[in-house]
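The values are calculated or read from the model by the stated rules, or taken from the named source; none is laboratory data. Since the model is a prediction, treat every value here as computed from it, not as a measurement. All Cβ positions, even for glycine, are placed from backbone atoms using ideal geometry, and neighbour counts span all protein chains on display.
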Amino acid sequence: MGAESAQECVKVGREECRPSGLDDDEVPGSRRELRQFLCSRSSGNQKSSRFREERSATLVDVYARNPMPAHRMDDRPVGGPSSFQCSLQTWYHGGPTCNKQRRCRRQKVLLHIDDKYCHISNIHWFLLGRPQLCAQYMRFGSSLHVSIMHPCSFSLRNYNSLTEEKTEGGAALPLQERSRMILIHGGTILTVTDGVIEGGSVLLGDDGKIAEVFANHTDVPGAIVVDATGKYVVPGLVDAHTHLGICDLEVGEIGEDENEMTNPSTPACRALDAVYVWDSGFADALAGGVTTVFTGPGSGNVIGGQSITMKTAGHCIDEMVMQNPAGLKTASGENPKRVYKTKNQLPSTRMGTAKVLREALSKARDYKERRAGTEPPVTDLDMEVLCKVLSREIPLRMHSHRADDMITMVRIRDEFNIRMVIEHGTDSVRVRHELARAGVAVITGPLLDVSPKVETASSSFSTPHLLHEAGVLTAIMTDHPVIPIESLRLEAAIAAYEGGAGEQEALEFITINPAKILGLEDRIGSIAKGKDADLVVWNGHPFKASSVAEKTFVNGKLAWEVNA
């Protein structure tokens, strides 16, 4: 069952009712007053649910399996075509003042459909250490009702997201409201790669992919219709360099997990183990139309660790990840020098930085040769990661501002025949032709940053355009939280109007170009049949400062809606 069907309307109230499948003596309380939520746009703690699933007081995931064989239970017929064994998982907040979200547990439940309702029974939630009975029901042709003993709301996800229990054919809940297709029609569609379609339609399939792109208004029976007349339909934006979820500024130092600055070389550190998906930055990303991010370690170390590429909607990092690892963070220039000079250890110079990187790659090359021999070495996690770099499985993601640092890193790249992407590239215009000949991509920015560092003195709004003109594959970053992630489109707008890039080229800097750099251009970065259904409906051109992302879809599901 798709999340979008559970997000269409709001009615919150209290009424006396007995949960389906529970006897009187099973219901606590004499009056059996249950809080009932009908497709909550407001969560149980009454806070605004901008980021629907992550902001709700309790999240319930229901995953349906194939129909159960018909049998009897407690003298009642169950099973058959309309009964399903399900897996239910809950996430909850302890109350209005609780800022921590906890997972209760996963359990098997029975879902049974009769002529009018979908019943989910045999459910026990353990909230706040006490068992709470629960029952749910769904009326055909309407939104989902949830009747529970604890004030909370819910989220439903397609069964496909639980890969270890995926059903043959990926079947979800067999209801009229299940994972329905969504038809966005009437808007100006900026496909990025196939021009502009005025008054066209985009059909989002129930498999999370774009099912079709139409050049005109098209009716699709059974699809949920989103009227985008007078609006812009744009592919989800891609930020190819952030520290989203790994650096949470809202809680200060305790939320800073991006730099393991106890050793200048820590390749085995993984962003996957540190990203906090309930960071408010994920909601900000969706509000800013950003649906895919590359996030990972910072630049305090010469070798900082492994980064990931992920979607910005979801509540479980393992379900949101697209690439792991997506690259190995490395750094040159002022940052590692500053960090380790204060520790009175290597590196304290640019020479020392290059030495640390070369030495690590050289050791990994020896390790790789011994691993292929008759007496393989004891497993070394750092070396295993560097072997992936040497095998060209993942690129070095090189933090580099100054032109000479970039040339040094290209030299090291060639010595070891590895892949590399330049991050920041503030001074890259000086060596743009050399970078183009070397085939090195640059993710430049953040363009709005005002840094006191000497190596960023040449920052310019024209850098992306000049790199592009020289033949360098170029993208724009926010480096969130350095620049708030929702400002990605505004940086592109500045590159378009102040930097000489123009609207089309600038749009490519935050869509298809970063997708190509990440190796994901077959899935994201443009609006085309078969790609991930990540789209944003804007009430004006996305480069207009006053424009608002009214709806953001991720994998074909509504993940954000303004004023919801």
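Miscellaneous remarks
- One residue from S348, S332 being farther than 25 Å from I527 by Cα, modelled with pLDDT of 95 or more, in contact with a Leu (Cβ under 9 Å, 6 or more places away or on another chain) and crowded, with 16+ Cβ neighbours inside 10 Å: S332
- Scanning the range 272-307 for residues that are within 19 Å of N324 (Cα to Cα) and without any contact (Cβ under 8 Å) to a residue 40 or more places away in the chain returns D273, A274, Y276.
- Strands (runs of 3 or more DSSP E) completely within the range 188-257 that count 1 or more residues being closer than 23 Å to V293 by Cα: 196-204, 210-214, 232-235, 237-242
- Residue pairs meeting the criteria (Cβ under 7 Å; at least 6 apart or on separate chains; first in contact (Cβ under 8 Å) with a residue 40 or more places away in the chain, in the range 343-370; second outside any loop (DSSP other than H, G, I, E, B) and of a type in the set (G, A, S)): L346/G352; V356/S265; A360/S265
- The condition of being touching a Phe, Trp or Tyr at 6+ places or on another chain (Cβ under 7 Å) and assigned by TED's automatic domain parsing to the domain that holds E508 holds for only one of P446, P464, P481, P452, that being P464.
- Identification of helices (runs of 4 or more DSSP H) wholly contained in the range 472-542 with 1 or more residues that are in contact with a helix residue (DSSP H, G or I) (Cβ under 7 Å, 6 or more places away or on another chain) and surrounded by fewer than 24 Cβ atoms within 10 Å (Cβ to Cβ) yields 488-497, 503-509.
- Condition check for E256: surrounded by fewer than 23 Cβ atoms within 10 Å (Cβ to Cβ), among the charged types (D, E, K, R), in contact (Cβ under 8 Å) with a residue 60 or more places away in the chain and touching a Leu at 6+ places or on another chain (Cβ under 9 Å): no
- Test set (1) crowded, with 16+ Cβ neighbours inside 10 Å; (2) under 18 Å from M181 (Cα atoms); (3) out of contact with any Phe, Trp or Tyr (no Cβ under 8 Å at 6 or more places or on another chain) - A268 fails condition number: (2)
- Candidates D257, D248, D207, D279: the one that is within 14 Å of the chain's Cα centre (by Cα) and of a type in the set (D, E, K, R) is D279.
- Selected residue [over 25 Å from I394 (Cα atoms) and not aromatic (F, W, Y)] from S462, S526: S462
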